[in-house]
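Inspection log for the structure reproduced underneath, given as structure tokens.
The values are calculated or read from the model by the stated rules, or taken from the named source; none is laboratory data. Remember, predicted model here, so these are calculated numbers, not experimental data. Here the Cβ positions follow ideal geometry from the backbone for every residue, glycine too, while neighbour counts run over all protein chains shown. Only protein heavy atoms, including side chains, enter the accessible area calculation; ligands, DNA and RNA are left aside. Shrake-Rupley method; radii C 1.70, N 1.55, O 1.52, S 1.80 Å.
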Amino acid sequence: METPPPVLEEFRRKEDEHMGRKGRYYISTPIYYPSDRLHIGHVYTTTVADCLARWHRFIGDDVLFLTGSDEHGQKIERIAKSQGIGPKAYVDKIVDSFKVLWKRYNISYDDFVRTTEDRHRQVVQEVFRRIYEKGDIYKGEYEGWYCTPCEAFWVETKLEDGNCPDCGRPVELVKEESYFFRLSNYADRLLRHIEENPEFIQPESRRNEMISFIKSGLEDLCVSRTTFDWGIPVPMDDDHVIYVWIDALTNYLTGAGFLQDEEKFARYWPADLHLVGKEIIRFHTIIWPIILMALDLPLPKTVFGHGWLLMEHDKMSKSKGNVIDPIELADEFGVDAVRYFLLREVSFGQDGNFSRRALIDRINADLANDLGNLLHRSVAMIIRYRDGVIPEPGALTELEQDLQQLAAATAAGVNEHIEALEINAALSAIWRLIGRANKYIDEAEPWTLNKTEQTERLDTVLYHLGETLRILALLVKSFMPDTGEKIWAQLGISESIESCRFENTAWGGLEAGTKVVKGDPIFPRIDLDKLAEAEEASGVVEAKQETAEQAVEKKAEKPQVSIEDFAKLDLRVAEVKAAEPVPGADRLLKLTVTIGEEERQIVAGIAQHYTPDEMVGKRIVVVANLKPAKLRGVLSEGMLLAASTKDGLGLVTVERDLPSGAQVK
Ligand code: MSP
């Protein structure tokens, strides 16, 4: 094996001089346990990483995007045994399913590290040997607790009610001969690094947690096991296998070519971003940097601990039966719709919630209505008024100047948001441009321009729509690769979208004379009524209601909201004037209410708790600014508030006799 370059900086400097400065970006996902098939939570992490990798390629960076599978350890060995097959045969099958999943979700990884690969075994053994020879690893005896699902050692004092403080599951007592890693040798240096490099652990809350963890004292870490075989042998002692987290973390070196491809390693190391879930940030910001310090290697720039994707506000787990199969979801709604939802709905860093309803709302509102309609209307008008040919623009008015400025500001803004890892904010910025373009159509009224034969003005408007869509295709393609391509295809641009870079978002890239191509709507609207009927027929609704109720009972924690978030709700007192059942929907009542002077219709799922007669005359509290929606085909222009448990439901009312229209805050 070759020795790594001693001074990476020097190596890089030379290469930079040689090639001219070019940005590099090395991003990784955690490597997943093949203990089961992956669920939508895992897809979330990987989709975020994919979006970042794609954006960095788009801005011209030389990207290394790694993912992989963490295949050793006691947990995997036990599962394989329970299925009556050898561990390698077992992991091979599951890892194949990972790769199928990533292909389906358009995950553009550059390398997939399997920890059972030979190249990885060599690196892990060499890493262990070097740290041992340095004197930071010694042999001793471990007696303490072990959480097999987390593959984590715990001292008695850190347990919570005798269980694993990370996952809450029971731990096992372990007593065996082990090798230990003197983490404490590096505690001060690590603390200094964290304090001097605020970008190292993000977000800030996790950084603070890690600082207190280190300050509470680092125990020497047990780094080998002898009571099972499924792992990489300790190089100088065959009776031991290397602790699975040392093995797993080292994948970030293997994938970057450590010890095996000197040039590659010099090019990419250190990693720019290790993206990890919040429960494994400790391994990545304590054990991992200490391994690197012991090897005299530079530390990754950032470890970002993102929140979890919850299912109807509850943690996803197979035992709760609430995991969502990402392949089924993609079959039902399309890959890009799911990618969009994951990237848009969750405020990156915090926990986010998955629900089918929220997914469908996003599809109908943002994708079908905003983006899909913009494309559809624009292409249809270019075909209708100009035979499908993009015209040459004429003189600009303030409207066009405004649109051009917003397009340029949006491209720059998205880049800044991505740089700051504000993924959902990047999408919000793109959607502001989409909103502006839709408004531009309404303001410019191409149909009137056509009728009144204002030819040059109509040319200008149609060009601006086509050009805005071209820029939008470039901006969305990192988030939704297929959608970028589909918009591109409908615009009829011959140059491949793949070859375009950020510079191509500059205004004016669309050539007059390009012939657009009529296509199907890129995001068909989901008919909620039809979906509800299909779900009812298949029993999905019943199952979902159970989970929602369980969630209420368990006081599921929702993420904190700010007072500004709360202030977005317009809560009002309303008076019920009339009520009647909704035919064919035994849970629904249709209410006619007044909110001050205004009369509205609200459909509420309370028919099993209140009769129509009981409702008339009641003063209730409603969300007055909720987007109107149809329930079973009946329009609902607001939502009433009620409290419920599995045993009953009660309306929220005001305690004094306040008039309808009064604000609730
Ligand atoms: N094998 C280790 C990681 C080793 S990295 C050197 C591991 N594997 S895991 O399969 O259990 O989890 C991998 C990642 O998936 C973690 O970052 C975890 O946070 C993430 N997620 C698992 N469920 C998730 C959600 N419900 N939501 C978001 N991320 C989720 O830990």
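Please report how many Lys pairs in region 557-664 have alpha carbons closer than 24 angstrom, counting only residues at least 8 apart along the chain or sitting on separate chains.
Qualifying lysine pairs in region 557-664: 16.
Of K88/K301; K215/K315; K215/K278; K477/K518, which pairs sit farther than 25 Å apart, going by alpha carbon to alpha carbon?
Table pairs above 25 Å Cα-Cα are K88/K301; K215/K315.
Put D325, D520 in order of accessible area, largest first, 1.4 Å probe: what do you get?
D520, D325
Which whole-number percent is the relative contact order of the chain (Cα, under 8 Å, 6+ apart)?
Over the chain, the number comes to 11 percent.
Leaving out ligands, DNA and RNA, what percent of the accessible area of the chain is carbon and sulfur, probe 1.4 Å?
Here carbon and sulfur together make up 48 percent of the probe-accessible area.
Pull up all non-local amide H partners of V234: gap of 5 or more, or a different chain, and H-to-H distance under 5 Å with H placed in the peptide plane.
For V234, whose amide H was placed from the backbone, the distant partners under 5 Å are H240, V241, I242.
Kyte-Doolittle mean at least -1.0 and Cα extent at least 18 Å along the axis: which DSSP H helices of the chain qualify?
Length and hydropathy pass: 40-58, 87-104, 373-386, 398-419, 423-444, 455-476, 540-553.
Work out, step by step, the length gained on full extension between K515 and A395: first 0.36 nm times the residue separation, then minus their alpha carbon distance; give nm to one decimal.
Gain on stretching K515 to A395: 41.0 nm.
In terms of Cα to Cα distance under 17 Å, which aspartates and glutamates are near enough to K451, apart from those fewer than 8 places away along the same chain?
Cα-Cα hits under 17 Å: D387, D442, E443, D459.
Could you please report the charge total around T410, scoring K, R as +1 and D, E as -1 over all other residues with beta-carbon less than 11 angstrom from its beta-carbon?
Result for the neighbourhood of T410: +1.
Provide the FRET efficiency to the nearest 0.05 for the E597-R432 pair, computing r from the beta carbons and using R0 = 45 Å.
About 0.85, to the nearest 0.05.
Determine, for each peptide in 195-203, 38-46, the mean count of other beta carbons within 10 angstrom over its residues, then list the peptides with the highest first.
Most protected by this proxy first, the peptides run 38-46, 195-203.
Rounded if a/c is under 1.5, else prolate if a/b is larger than b/c, else oblate: which is region 232-296, with a ≥ b ≥ c the root eigenvalues of its Cα gyration tensor?
Verdict is oblate for region 232-296.
How high is the FRET efficiency from T653 to S216, r the C-beta distance, R0 45 Å, rounded to 0.05?
The value I calculate is 0.35.
If R₀ is 51 angstrom, what is the calculated FRET efficiency for the pair E156 and V100, using the beta carbon separation as r and rounding to 0.05?
It comes to 0.75.
Using θ = phi - 60° and the Karplus relation 6.51 cos²θ - 1.76 cosθ + 1.60, list the HN-Hα couplings for region 502-512 in order, rounded to whole Hz, with x at every Gly or Pro.
Coupling constants for region 502-512: 3, 4, 6, 7, 5, 4, x, x, 6, 8, 4 Hz.
Computed over the Cα atoms, what is the radius of gyration of region 354-505 divided by 2.2 N^0.38 Å, N being its residue count?
Normalised by 2.2 N^0.38 Å, the Cα Rg of region 354-505 equals 1.05.
Would any residue of region 155-192 have its amide N under 18 Å from a label point 7 Å out along Cα→Cβ of T226? List them or say none.
Those under the cut-off are 173-181.
With the other protein chains left in place, how much accessible area per residue, in square angstrom, belongs to the chain at a 1.4 angstrom probe?
For the chain, the per-residue accessible area is 45 Å².
Could you work out how far the C-alpha centroid of region 104-125 sits from that of region 284-327, in angstrom?
That distance is 17 Å.
Quick check on the chain: of the DSSP beta bridges with both residues there, what percent are antiparallel, nearest 5%?
Restricted to the chain, the bridges split so that about 70 percent are antiparallel.
Quick one: grab the alpha carbon gyration tensor of the chain, order the square roots of its eigenvalues as a ≥ b ≥ c, and give me rounded if a/c is under 1.5, else prolate or oblate depending on whether a/b is larger than b/c.
oblate
Sort all Cα-Cα distances of region 6-306 into consecutive 20 angstrom bins from zero, then give the percent of pairs in each bin up to the one containing the longest distance.
Once binned at 20 Å, the Cα pair distances of region 6-306 give 32, 61, 6.
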